[in-house]
Amino acid sequence: SLSLSLFPFFSLCRYKFVRRLLLAKLGIMFPSALFMSMFAQFCVTEFRFEPKRTGRLLSYVPLVRMIGQGLLVNPLVKLFSETLMIRASCFVIALSMLFIGYATTELELYLVLLPLNLSGAVAIVVISGLLTQAVPEADTGGVLGLDHAVLSFAYIIGPLVSGWIYELYGFVILGYLGALIATFTGVCCCVLDIGDETPCIVQMKRQYRKITRCCRCCRCC
């Protein structure tokens, strides 16, 4: 029955941070799904690319993601916390989505696609790692399956929405919508704790209080 099929989903979501991490992944990947589903059409319509140039540009996207996931994740994790990388990825994606609609040359497309796909690729791996840490070892396989299901859901809804928006309003609006979603996701990740026990906003307030105390002590001296 439907209730039995949904039981594993609800049982995994009861663990701390799982729901927030899954929603963060959806918010990070949905802008990319919006963009990539109409990207080939955008290249042909706006830039008059022939099939070879379009194929080369589309091959560039997974190449960037492969480099990000294979070469950048491990060094970045050693330098920064996973939650900081997720939050930073949201805002990098938002900026990239804002600029993508205003690209006028092929070179500009390559340059804008670089941070967009690097940040998304890094965030995917980091969130998957945090999800496995958030559940017991026996539920690792289930939460990873749920993780990939969220990714597939983004690429199911993305083309449906982007096709309608592209036809009515054009490609630039897709960039605005993707930037809005990524920004909202980043703000939520800053306000809420997503694996670091303390929300980013609370950490910033503590740092601000420390700085103000130091300034007061310096003045007194």
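At a glance:
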read-out	value
Any hit, region 128-142, residues being open to solvent by 30 Å² or more (accessible area, probe 1.4 Å) and not in a helix (DSSP H, G or I)	yes
Cβ-Cβ under 8 Å pairs, at least 6 apart or on other chains, region 12-34 side within 18 Å of A121 (Cβ to Cβ), far side open to solvent by 10 Å² or more (accessible area, probe 1.4 Å) and outside any helix (DSSP H, G or I)	L21/G195
Residues located in region 139-161, provided they are closer than 15 Å to V18 by Cα and either free of Cβ contacts under 8 Å to residues at least 60 places away in the same chain or among the acidic types (D, E) (or both)	D139, T140, G141, L144, G145, D147, H148, A149
Tally of residues being hydrophobic (A, V, I, L, M, F, W, C) and open to solvent by 30 Å² or more (accessible area, probe 1.4 Å) across region 45-103	18
Cβ pairs under 6 Å, 6+ apart, first in region 110-135 and within 21 Å of F42 (Cα to Cα) and without any contact (Cβ under 8 Å) to a residue 24 or more places away in the chain, second open to solvent by less than 20 Å² (accessible area, probe 1.4 Å) and not in a helix (DSSP H, G or I)	V112/A103
Any hit, region 9-29, residues being surrounded by 14 or more Cβ atoms within 10 Å (Cβ to Cβ), aromatic (F, W, Y), at pLDDT 80 or above and in a helix (DSSP H, G or I)	no
Cβ pairs under 6 Å, 6+ apart, first in region 174-195 and under 19 Å from S128 (Cβ atoms) and surrounded by fewer than 19 Cβ atoms within 10 Å (Cβ to Cβ), second at pLDDT 90 or above and of a type in the set (F, W, Y)	none
Where a residue in region 77-101 is farther than 16 Å from K25 by Cβ and its partner, wherever it lies, is open to solvent by 60 Å² or more (accessible area, probe 1.4 Å) and β-branched (V, I, T), with Cβ under 9 Å and at least six apart	G101/I173
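The values are calculated or read from the model by the stated rules, or taken from the named source; none is laboratory data. Keep in mind the model is a prediction, meaning the values are calculated, not measured. Positions of Cβ are generated from backbone atoms using ideal geometry, with glycine treated the same way; all protein chains shown enter the neighbour counts. Keep in mind that these areas ignore ligands, DNA and RNA; they rest on the heavy atoms of the full protein, side chains included. Shrake-Rupley method; radii C 1.70, N 1.55, O 1.52, S 1.80 Å.
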